[in-house]
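First the structure, in the form of structure tokens, and then the observations on it.
The values are calculated or read from the model by the stated rules, or taken from the named source; none is laboratory data. These numbers come from a predicted model, not from an experiment. Note: ideal-geometry Cβ built from the backbone for every residue, glycine included; neighbour counts use all protein chains shown.
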Amino acid sequence: MTQEEDFLHQEHLCILEEVEKGFNIGIIGTGTGLESILDLTRNPDLEEFFPRLNLVALAQPHSRDRRLKKALDMGVKLYESYHEMLKNHPEINLVLELTDKQHMIKKLRKTLPPHISMVDHNAASFLCGMLIMAEVSTKCRLNLNQQRALFEAVTDQIQDDMLLLDKSGIIQDVNMNVIKRLDMQKEAITGRLCWEVFACADGNAGPKFSSSECPFNKTLEEGRPAEAMQTWVDEHGRARYFRIYTYPVFDAAGKLSRVVEMRRDITVRTEMEKRLQQSEKLAVIGELSTYIAHEIRNPLFAIGGFANAVLRNPDLDKVSREKVNIILQESKRLDKILKSIINFARPTEPQEKEINVNEILEDIMHLFNLTCEEQGIHVDTRLDPALANAKGDPGLLKQCLINLIKNALEAMPEGGTLKLETFVEWEFVVIEVSDTGKGIPKEIRDKIFNPFYSTKENSGAGLGLAMTKKIMDDMGGSIDLLSQEGKGTSIAVRLPLFPAMPEDM
């Protein structure tokens, strides 16, 4: 470092030190601008923009100046001459000249010590401008805080998730609904990528943000609003449905700088729409299947009768007998399927009786105990001994539970755990049948209660779960499915509580 560079460096450090310490001010004269200077030195908000200003003393005051009282109230000392002021206050490092007399300015420039800076009357207007800036800044800050508080109050009342994202997908702000849904502090959410925060338990079920179908990517590419439907499975194995809306935010130059994303949970609405569609579909299927089943059973009965007659012929050779046996077996299997279809299409009229759910489960497990032992399945029974009775049809409930337990056992061909649990939740008796099987893939989860849909190859008509759901709906109950691939499936059956007192009293 050269000598000149070293001098500049030291001078720079001295300036920084002075700024850090602030300014101890002495005023000479009581000309125009004094009141502004007094307000300026006692304004704490100015310290954010300017070094600390400490008004120490005032010399050569006008004796009748009403502003002197304000200065005295601030603890400022008054002196007849500036020499006396400087002698009594060696800490003064800044002098403000407010006499507006040229000879005084020249005199001060010649006589002031080197460590004391001077601002003359004209330059003092700069400090008055600082006061105005501080006042404007305070008002702007107050207005900004009010606007931000209003904006947060409005967004926090919105029941949808709202996120402000930058162009990289990093969350910059969220509303209260996001904080409550995720049960996280805002500081733990902001600064992270959106798709990391909203990652779901099932990696294959979450939103594909790398896809061109992602609304965030669409908005970035096209600069206009976009929307999409996203389905995922939460940590409990329940399918959740969200409608995602994204909106571009442009800066003053018209360039896209941010993206606002709204996430609307439409799970309840989607389930209701599916139930409505299911009801309409079942009505059509019921009429059609009843007609077809009756029309097929007549010729099928004839086929079975003639096959039996041919089978009783003693002259029938072995090969022909085997073929006739196949015809007879297949006709019986087809008749069984047709009976299932007719039973499914026939309107059920469940009886409203008092049901002891625990007793029904215990009776059913007597039927499956041997099967469980043979398959190496452990039965974990957690029946609430104080369980309230449910309202419904005991026979139909037994039919539903047998079907659910049978499905659970079939999902664990190599062994596992069958869990049966009963409890009361709100106004319903709940029966949970859980297995530790392979679970149900996400892509078929929405179809599992559809009639004629089956995951079992060459087995049944696919009406078991559809029939179970129909029976539960008719009894005023419901059925919910929770499943995670590789972990198992849990089906919860809910039945209304049996009233303690007659309903008409």
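For region 370-385, which positions are under 18 Å from residue 437 (Cβ atoms) and part of a helix (DSSP H, G or I)?
If the condition is that a residue be under 18 Å from residue 437 (Cβ atoms) and part of a helix (DSSP H, G or I), then 371, 372, 373, 374, 375 are the ones that fit.
Tell me yes or no: at least one residue of region 401-408 is over 11 Å from residue 358 (Cα atoms) and in contact with a Pro (Cβ under 7 Å, 6 or more places away or on another chain). Can you show your working first?
Residues of region 401-408 over 11 Å from residue 358 (Cα atoms): 401-408.
From what's left, in contact with a Pro (Cβ under 7 Å, 6 or more places away or on another chain): none.
No, region 401-408 has no match at all.
Quick grid of which residues meet (1) exposed (fewer than 13 other Cβ atoms within 10 Å of the Cβ); (2) at pLDDT 80 or above:
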residue	(1), (2)
251	yes, yes
265	no, yes
272	yes, no
275	no, no
318	yes, yes
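Being more than 18 Å from residue 478 (Cα to Cα), in the same structural domain as residue 486 (by TED's automatic domain parsing) and of a type outside the set (Asp, Glu) narrows it down to one of 389, 403, 369, so name that one.
None of the other options fit; the residue is 369.
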